[in-house]
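Everything below concerns the one structure shown next.
Read-outs throughout are calculated quantities, based only on the coordinates presented, and are distinct from any laboratory measurement. These numbers come from a predicted model, not from an experiment. Here the Cβ positions follow ideal geometry from the backbone for every residue, glycine too, while neighbour counts run over all protein chains shown.
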Amino acid sequence: MSDPTVATTRPALPVLYSVRGWTEELNPAYITFVDEMRATGVEVVDVYIPPARFRDLGEWAGAVIEVIEGWRDRSGPLHLMGYCAGGDLALAALHQLEAAGIVPEFTAFIDVRQDLEEYCLNRGINSLYLVPWRVRFRRELIRLTPPDRESLGQVLRSVVRRSFRSVRELPKRGWRSRKRRKPGLFEVMRLTYPWEFDGVVTPVHTYNTLDSIQRYGAGDPSLHIGRDLFGGFVVRIIEGGHENCIEPPYSTDLISRINADRRSVVAGVGAFQ
């Protein structure tokens with residue numbers, strides 16, 4: 001029988017600011033996920049600002065930072081979390097926080113990926129979400145550079161193939177594929193896909209599903225987001241797929257992992273300490 005005079009203590013966790021990119025109507029599962037996390041005894045603040053009035057992702061991220069800085073105790077550590085588009089937004093915010101001399105103690109990205117240039121070209125994403133032509137051209141040139149250099153012939157073939165497909169789609173969808181746009185998704189994606197930045201140096205915990213790694217990551221466990229995480233990152237393989245990893249029964253283990261990583265960071269024994 002344990003001695004009741006000996007208390008088992010855990011380090012107290014700071015407030016976790018959860019940056020959300022989707023409306024509750026588009027992704028109700030994440031609202032439930034946050035509530036489930038709160039039920040474990042941690043404080044989570046859901047940060048959501050509609051994207052429609054912003055010109056780019058950086059401007060949207062700046063508005064998110066204003067909200068967080070207005071709420072949080074600046075004398076204590078900052079913990080951030082983002083899932084899917086909320087992770088893209090949190091990454092943009094992290095870039096601006098670093099520029100202001102603010103380094104979060106803990107940052108979690110849940111199944112956040114960055115699509116490669118060839119994927120965006122082949123899927124017509126650049127046209128669908130109005131990526132500027134100068135950005136499209138520059139990103140195709142990136143495909144010719146190390147470390148994942150493709151041959152000039154490979155790049156040209158994919159450009160020609162996509163151009164031919166676009167011409168075939170003209171009678172049905174028009175130049176910008178307007179009929180394919182879903183209003184709720186479009187406002188988020190029109191800010192996310194054109195965005196370019198220099199990366200961040202804050203270490204990041206990423207929680208990625210094996211399904212996403214196989215489908216979107218081409219075997220890259222960071223889902224290609226690692227190329228912008230110059231301060232290092234840890235990948236935790238989580239259960240489920242992109243859409244349901246935040247839903248029961250998978251969410252229980254995911255929340256336990258995030259809470260455990262946060263406690264390690266607070267106790268000074270985290271992966272980057």
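For Arg227 and Asp115 in the same chain, what is the full-extension length gain: residue separation times 0.36 nm, less their Cα-Cα distance, in nm? Numbers along the way, then the final one.
Details: separation 112, 0.36 × 112 = 40.32 nm, distance 1.16 nm.
Computed gain between Arg227 and Asp115 is 39.2 nm.
What would the Debye formula give as log10 I(q)/I(0) at q = 0.14, 0.16 Å⁻¹ for the alpha-carbon point model of region 29-94, no solvent?
Debye output, listed in q order: -0.45, -0.59.
May I ask you to evaluate 6.51 cos²θ - 1.76 cosθ + 1.60, the Karplus curve with θ = phi - 60°, for each residue of region 102-116 and list the ³J(HN,Hα) values in order in whole Hz, giving x for glycine and proline?
Once θ is set to phi - 60°, the couplings for region 102-116 become 10, 10, x, 6, 9, 9, 10, 10, 9, 6, 9, 10, 10, 6, 6 Hz.
In 5 Å bins starting at 0, how do the alpha-carbon pair distances of the chain split up by percent?
Answer for the chain: a P(r) of 1, 5, 11, 15, 18, 17, 12, 8, 6, 3, 2, 1, 1, 0, 0, 0 percent.
For Gln114, what is the net charge nearby, where nearby means another residue's Cβ is under 9 Å from its Cβ and Lys, Arg count +1, Asp, Glu -1?
Details: positive: Arg113, Arg227; negative: Asp88, Asp115, Asp228.
The answer is -1.
Between Phe233 and residues 5 or more places away or on another chain, which pairs have amide H atoms under 5 Å apart, with H built 1.01 Å from N, and which residues are they?
Val204
Hey, what do the phi angles of region 192-201 turn into as Karplus ³J(HN,Hα) couplings, whole Hz, using 6.51/-1.76/1.60 and θ = phi - 60°, x for Gly and Pro?
7, 5, x, 6, 10, 7, 9, x, 10, 10
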